[in-house]
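The values are calculated or read from the model by the stated rules, or taken from the named source; none is laboratory data. The shown structure was predicted, so the numbers you read here are calculated from the model rather than taken from an experiment. All Cβ positions, even for glycine, are placed from backbone atoms using ideal geometry, and neighbour counts span all protein chains on display. The accessibility values were calculated without ligands, DNA or RNA, using every heavy atom of the protein model including side chains. Shrake-Rupley method; radii C 1.70, N 1.55, O 1.52, S 1.80 Å.
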Amino acid sequence: MAEPILNEWQTIVSLLPSNWEDLAHEHKQLQTQYGNAKITNADDLLRLILVHAAADLRLLQTVALVAESGGPDISPMRLHKKMIRATSYLHALVLGMVEMPSDMSPEKWAGYDVSLVDATGISRPGSVNGDARIHTRIRLSNLEYLEVLATGLECGETFCRFAPKPGELVVGDRGYCNARGVAHIVDCGADVLVRFNRTSMPLLLADGKTPLDLMPLLRSISSDRVHERFVNAQYKERKDSEVRLIPGRLCMIRLPSKKAEEARKRAREEYGADVSEETLEAAGYVVVFTTAPVHRLSAEQCIELYRLRWQIELLFKRWKSLSGFDRMPNHRPDTILSWLYAKILAALLLDRLASLQREVSPPIDQRRLEAPSLAPTLEDDAHSLAALRVRTLADNTLRCAAFRRAHY
């Protein structure tokens, strides 16, 4: 018979950074104003946060479940206040668990502090078309959340929602390619690297007068090496303003035949029967626009760096599938950051829990992983919160139990 989920807590905390308790004190999570405080250790604090975020429980459900399981009995408002103050602590835990590849460090990118921007739709339980959108800016070198903003779905993607610092390089997909957003980043003293969208940002050649005709330029690329062309983006702040030129470069490369056909297939799926022949032809190339000077980043480095943006996007997709990263329980700005970091922490823990199966020797009997029920008090059908149990957590509990028996 499997052990209760809460009895496996030590297995979970063993996957955290070794200084996870010290970090709670370092980030002042356990300081109390009154002597009768009910959360006095990192164990209780982190358990409450993970139950709330990882299981997508409301504050009232979370405190009821933890209290009935033998944990501290606190009010929903007290947990909310703890979530407000937990951002830096949760971020430190995430950093301790993430090992970033060396090719993401600023040293590789001419000293640029590279950040990635993206937006994702989020939904409350039962929503069909979504409820809101989270706009995020993340540092590439350590996945730190630099800016997070929740808006309605009517608010689209734009660089204007972010405020990078001078010396940064901001990377975005084609949804962020417009002159107004690029001008905003430049005015902040930063540079931009964005997938070029030929329909949303007309360009002039280096002379600042001749319009760029992109398709003949792309057709002239006959090899798989990276080409570049100096250009200017045009921007008018108001209708009566003078046209402003933003110097930059187009970095272009032809995709291999197989990759080009995959890109054209995605274009057909996106545009349907309305897709144009030029759109299909352009899908066979990768074209990025950057304001980074050529003496800092070569055209080859620009293409390479843009590819890293896709790796981060894949990471977000994995987090969404593992822990419901795209389902925000509320729109309160004071807990968005802590909720996101708690979600990421839960996803990283699930990654490591899943990997335990490969480490067990002898191999786990798969029939035992299909056991239909768990034994603990809070997990049986008699409890009102039993329906919140998910099968994935049950499987992970069994794996952890087998791991403990095999190694301890």
Meets criteria (acidic (Asp, Glu), closer than 23 Å to CYS302 by Cβ, outside any helix (DSSP H, G or I) and touching a residue at least 40 places away in the same chain (Cβ under 8 Å)) for GLU228: yes
Set GLU278, GLU261, GLU313: member being under 30 Å from THR87 (Cα atoms) and open to solvent by 20 Å² or more (accessible area, probe 1.4 Å): GLU313
When residues of the stretch 267-293 are limited to those that are hydrophobic (A, V, I, L, M, F, W, C) and over 18 Å from LEU217 (Cβ atoms), the one farthest from the chain's Cα centre (by Cα): ALA273
Test result for ASP173, modelled with pLDDT of 95 or more and either open to solvent by 10 Å² or more (accessible area, probe 1.4 Å) or over 17 Å from LEU140 (Cα atoms) (or both): no
Selection from the stretch 172-211 of residues that are acidic (Asp, Glu) and assigned to a loop (DSSP other than H, G, I, E, B): ASP173, ASP207
Residue in the stretch 179-200 that is nearest to PRO166 (Cα to Cα), counting only those that are surrounded by fewer than 21 Cβ atoms within 10 Å (Cβ to Cβ) and without any contact (Cβ under 8 Å) to a residue 40 or more places away in the chain: GLY189
Subset of the stretch 187-204 (residues that are over 17 Å from LEU140 (Cβ atoms) and either at pLDDT below 95 or touching a strand residue (DSSP E or B) at 6+ places or on another chain (Cβ under 6 Å) (or both)): PHE196, ASN197, ARG198, THR199, SER200, MET201, PRO202, LEU203, LEU204
Check on GLU237, open to solvent by 80 Å² or more (accessible area, probe 1.4 Å), in a helix (DSSP H, G or I), without any contact (Cβ under 8 Å) to a residue 60 or more places away in the chain and not basic (Lys, Arg): no
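Table: residues versus (1) assigned to a helix (DSSP H, G or I); (2) modelled with pLDDT of 90 or more; (3) not small (Gly, Ala, Ser).
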residue: MET83; (1), (2), (3): yes, yes, yes
residue: TYR89; (1), (2), (3): yes, yes, yes
residue: VAL94; (1), (2), (3): yes, no, yes
residue: MET100; (1), (2), (3): no, no, yes
residue: VAL117; (1), (2), (3): no, yes, yes
residue: PRO125; (1), (2), (3): no, no, yes
Which numbered condition LEU146 fails, given (1) surrounded by 19 or more Cβ atoms within 10 Å (Cβ to Cβ); (2) modelled with pLDDT under 90: (1)
Residues that are open to solvent by 60 Å² or more (accessible area, probe 1.4 Å) and free of Cβ contacts under 8 Å to residues at least 24 places away in the same chain, drawn from the stretch 240-255: ASP240, GLU242, VAL243
Any helices (runs of 4 or more DSSP H) falling wholly within the stretch 245-350 and containing at least 1 residues that are touching a Lys or Arg at 6+ places or on another chain (Cβ under 7 Å): 277-282, 299-323
